[in-house]
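The values are calculated or read from the model by the stated rules, or taken from the named source; none is laboratory data. Being a predicted model, the structure only gives us computed values, none of them experimental. Because the Cβ atoms are built from the backbone with ideal geometry, glycine has one as well, and the counts that use them run over all protein chains shown.
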Amino acid sequence: MQPKRKQQYRHLPAFILLALAEGPIHGGAIHTVLSDRMPLYKPDTGAIYRTLHQLELDGEVTSTWDTSQSGPARKIYQLTDRGWEKLEYWREDIELRIANLRHFLDSYRAVTDARRH
């Protein structure tokens, strides 16, 4: 039985904050960064903008309008001190999840090896 695979957006805020840790950028550039760095994960642009909006409401990012380029103004997002703190929270959370998943995989190997012998 194959597990159904679906898009998981639980860690989308973490990946957005990580992209912003490299410097201020606009939402479209965040989408490009995430798409380029995680080829198996195709983030929805709407989900990115909804998440950016929530991060801004939570005080983890701020935004300003860039009107220096020709064409429409772009909203540029930047990490705040609170955003850096949240990024550290995500690092701890992900490390814990990885440890739990490693435990699962090690235990799975042990029981399946024992079953074969």
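Remarks
- Among the residues of segment 13-47, those that are under 17 Å from Tyr89 (Cα atoms), of a type outside the set (Gly, Ala, Ser) and touching a strand residue (DSSP E or B) at 6+ places or on another chain (Cβ under 7 Å) comprise Leu17, Leu20.
- Selection from segment 59-79 of residues that are part of a loop (DSSP other than H, G, I, E, B) and either in contact with a Pro (Cβ under 9 Å, 6 or more places away or on another chain) or loosely packed, with under 12 Cβ neighbours inside 10 Å (or both): Glu60, Thr67, Ser68, Gln69, Ser70, Gly71, Pro72
- Within segment 17-48, being without any contact (Cβ under 8 Å) to a residue 40 or more places away in the chain, under 11 Å from the mean Cα position of the chain (by Cα) and under 19 Å from Trp65 (Cα atoms) holds for Ala19, His31, Ile48.
- Residue check, Thr51 within 12 Å of the chain's Cα centre (by Cα) and surrounded by 12 or more Cβ atoms within 10 Å (Cβ to Cβ): yes
- Every residue from segment 61-82 that is at pLDDT 95 or above and over 15 Å from Gly27 (Cβ atoms): Thr80, Asp81, Arg82
- Counting the residues of segment 9-24 that are in a loop (DSSP other than H, G, I, E, B) and of a type outside the set (D, E, K, R) gives 4.
- Which numbered condition Arg50 fails, given (1) in contact with a strand residue (DSSP E or B) (Cβ under 9 Å, 6 or more places away or on another chain); (2) part of a helix (DSSP H, G or I); (3) basic (Lys, Arg): (1)
- Against the conditions (1) over 15 Å from the mean Cα position of the chain (by Cα); (2) charged (D, E, K, R); (3) at pLDDT 95 or above, Lys86 satisfies every one except (1).
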